[in-house]
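*Asks:* Below you'll find the structure I mean.
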Amino acid sequence: MKIFLINPSHGEVYGKLTPPDHPHLGLAYLAAVLEAEKHEVRIIDIDAEQITLDGLASLLKAENPDVVGITATTPVIYSAFKIAEIIKKNSSAYTVVGGMHATLMPEECAANEFVDFVVFGEGERTIVDLLECMRTGGKYSEIKGLVHKKGGETVKNESREPIQDLDSIPFPARHLFKNQKYTYPDALRFPAFPIITSRGCPGNCTFCTAKFMHGKRFRNRSAENILDEVEFLIKEYGAREIHIWDDNFITNRNRVFKFRDGIIKKNIKVLFSFPNGVRADFINREILQALKDMGTYSIAIGVESGNQRILDSIQKGIKLEQIENAFKLAKELKLETWGFFLLGLPEEDPKTMEETIDFAIKLDPDIAKFHILKPFPKSIVYEQLKSKGLIIDENYIHYGIHTSPVHRLPTVSQNELLEWQQKAYRRFYMRPSKMLKEIMRLKSWNRMKLNLSTGTSVLLNKIFSK
C-alpha cells in the first residue's frame, strides 16, 4: 500500500513557517516498520519542506495514496484536522490521526468528520495491524490501540500494551527526510542527528503527559543496539553530533556504563548532548563522568521551581539540594548546563516565582529556559486548574510552549504571568557577569545565533508573547 505520513505545520501556532529543529522521530519509526512490511512510504514534513496546503492538495491528487497518517501534538491538532479535510477532498485515502494529542483525546479526534481512524499510544504495532486489516477485510474492533467508526458512532478499542523489546523496532527511516532542512540551533558540530534510546518515565510530575503515550515503566534499548545506530549514522550520514531525546537516559546506570565502554572501545568520535533533560536525582559524579567520557558536552536538567513546597506539589520527587548538587558536579566536569524552569504552577504566587528566579541565578546554568506552564488536557495540573475555573483559554492553538498563557492563578493574572517570564529572562541574562560569561563561552556561530535570538527577545520585551 502507498502510505503518506505527515507532520503538520506549526505556522498557525507561532505566526510563521519556520524550519523545525530536527526531524520527527515518531514518524520515522512508523515509516521504518511500514517499510519492513513492504509498504511504500513517504514522509511529508510541512514546515521543513515549506509545503502549502494548495501544494499538498496537488500532491495528493497526483499520488493518490491509500492511507495518510497525521501526527499531532495539542497545539497543531486543528492543523491536522485541516490536513485531513484536504486529504478527503483530494484523494480516496483513509485518514489516520496519531501522536500525543490523539493519545490524550482519542474520541475527540475521532469525532472530526474527516478522520477515519485514531491511533492512541505507541503506534508501531497498531498501524501495521490496521493496514493488514484493511488489506484482508478484518475486524477493526479487534485492533488494540485504535478508535474507529461504526454506524456513525466512534468506538474506542482496548488499549495496547507498550512495546517491551525496543531493540526489535528498526532504526528510524531517516532517508525519507530532507535532512539538510533541519536547523539544530543548539548544535556545535554538523551534521547533527537526534536519537531516542528509551521510552517510559518513572516520574510522577503533575504537568507531564508522557505517561499516557509510553507508560510509567522505563524500557530501554540495549547499549549494543544504540551503538549500532550511532555507527550507522556516522557511516551513512557523516554524523558528528548526536542529541539524545530520552525522558531520562540515565535511569539505567549499567546501560550508561556499557554504552560509554562501547563508545571508547570502538573509538567513536562524536559529540553527545541531552537537550530533553535528565533528572537531577539520578545524577552523581560517576554517571556524569561516564557521560563526559563518551563525548557528552551538554546536559539539560528539569528544575521547574526554586521552592520546595512547589516541587512537592507537582510530585517532582526531587529536593532542591539534589538539583544544586547536580549543577555543581556538572560544572566541575566542565559540562555545559541547561536549566528548565516553569512559572505559573497551580500553587504558585509572586513569592514562589521570585524564588524560582533567585534559584536560577544561584544555579547559574549556561542556558536557562523559563516557560509558562501549559496545562495539557488529561494532565493533573489541567484538572486542578480546571476545577478552580483558572483555565481561561481552551483553544488548542494557544497550547504551544512558546505561546501566551492559557490560565491564571488566584493571585496572578494571565498578563502578569507573561511579565514574570519577561522578568525572569531579564534578571538571569542581563547581569553583567552573565553577559561577559556568555561572550567568553561562545563556541560556534550557531550557538552565537541562539544566544543573540534569546537576548534580542529579552531586550525587545517579546519573550514568546503573541
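*Asks:* Inspect all residues belonging to segment 154-164 and state whether any of them is surrounded by 19 or more Cβ atoms within 10 Å (Cβ to Cβ), part of a loop (DSSP other than H, G, I, E, B) and hydroxyl-bearing (Ser, Thr, Tyr).
*Replies:* No - not one qualifying residue is present in segment 154-164.
*Asks:* Give me the pairs, please: first residue somewhere in segment 37-50 and buried (at least 21 other Cβ atoms within 10 Å of the Cβ), second residue anywhere and among the polar types (S, T, N, Q), beta-carbon distance under 6 Å, and either six or more positions apart or on two chains.
*Replies:* Listed pairs, sorted by first residue: Asp45/Asn7; Ile46/Ser9.
*Asks:* Of (1) touching a residue at least 60 places away in the same chain (Cβ under 8 Å); (2) outside the structural domain of Asn7 (by TED's automatic domain parsing); (3) of a type outside the set (Gly, Ala, Ser), Lys156 satisfies all except one. Which?
*Replies:* Here Lys156 meets the rest and fails (1).
*Asks:* Would you pick out the residues in segment 377-396 that are crowded, with 17+ Cβ neighbours inside 10 Å and in a helix (DSSP H, G or I)?
*Replies:* Residues satisfying the conditions are Ile380, Val381, Tyr382, Gln384, Leu385, Tyr396.
*Asks:* Condition check: crowded, with 21+ Cβ neighbours inside 10 Å and either over 21 Å from the mean Cα position of the chain (by Cα) or of a type in the set (A, V, I, L, M, F, W, C) (or both). Does Ile287 satisfy that?
*Replies:* In short, no.
*Asks:* Residues that are more than 30 Å from Phe190 (Cα to Cα), touching a residue at least 24 places away in the same chain (Cβ under 8 Å) and out of contact with any helix residue (DSSP H, G or I) (no Cβ under 8 Å at 6 or more places or on another chain), at least 1 per element: which helices (runs of 4 or more DSSP H) completely within segment 239-345 meet that?
*Replies:* Values: elements: 253-265, 285-293, 308-313, 320-332.
Ranges flagged: 308-313.
*Asks:* Yes or no: Ala36 over 30 Å from Lys374 (Cβ atoms) and small (Gly, Ala, Ser)? Reasoning before the result, please.
*Replies:* Working: over 30 Å from Lys374 (Cβ atoms): yes; small (Gly, Ala, Ser): yes.
For Ala36, the condition - over 30 Å from Lys374 (Cβ atoms) and small (Gly, Ala, Ser) - is met.
*Asks:* Return the total of residues in segment 349-407 being of a type in the set (D, E, K, R) and touching a helix residue (DSSP H, G or I) at 6+ places or on another chain (Cβ under 6 Å). Step through it out loud before you land on a result.
*Replies:* Filtering segment 349-407 down to residues of a type in the set (D, E, K, R) leaves 349, 351, 354-355, 358, 362, 364, 366, 369, 374, 378, 383, 386, 388, 393-394.
Of the ones still in play, those that are also touching a helix residue (DSSP H, G or I) at 6+ places or on another chain (Cβ under 6 Å) are 378.
Within segment 349-407, residues that are of a type in the set (D, E, K, R) and touching a helix residue (DSSP H, G or I) at 6+ places or on another chain (Cβ under 6 Å) number 1.
Per-residue answers, yes or no, for (1) of a type in the set (A, V, I, L, M, F, W, C); (2) part of a loop (DSSP other than H, G, I, E, B); (3) at pLDDT 75 or above; (4) in contact with a helix residue (DSSP H, G or I) (Cβ under 9 Å, 6 or more places away or on another chain):
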{"position": "Leu418", "(1), (2), (3), (4)": "yes, no, yes, no"}
{"position": "Ala424", "(1), (2), (3), (4)": "yes, no, yes, yes"}
{"position": "Lys437", "(1), (2), (3), (4)": "no, no, yes, no"}
{"position": "Asn451", "(1), (2), (3), (4)": "no, no, no, yes"}
{"position": "Thr454", "(1), (2), (3), (4)": "no, no, no, yes"}
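*Asks:* Can you find a residue in segment 192-204 that is in a helix (DSSP H, G or I) and within 20 Å of Lys292 (Cα to Cα)?
*Replies:* no
The values are calculated or read from the model by the stated rules, or taken from the named source; none is laboratory data. Model, not experiment: these values are computed from the prediction. Ideal geometry is used to build each Cβ from the backbone, glycine not excepted, and the neighbour counts take in all protein chains shown.
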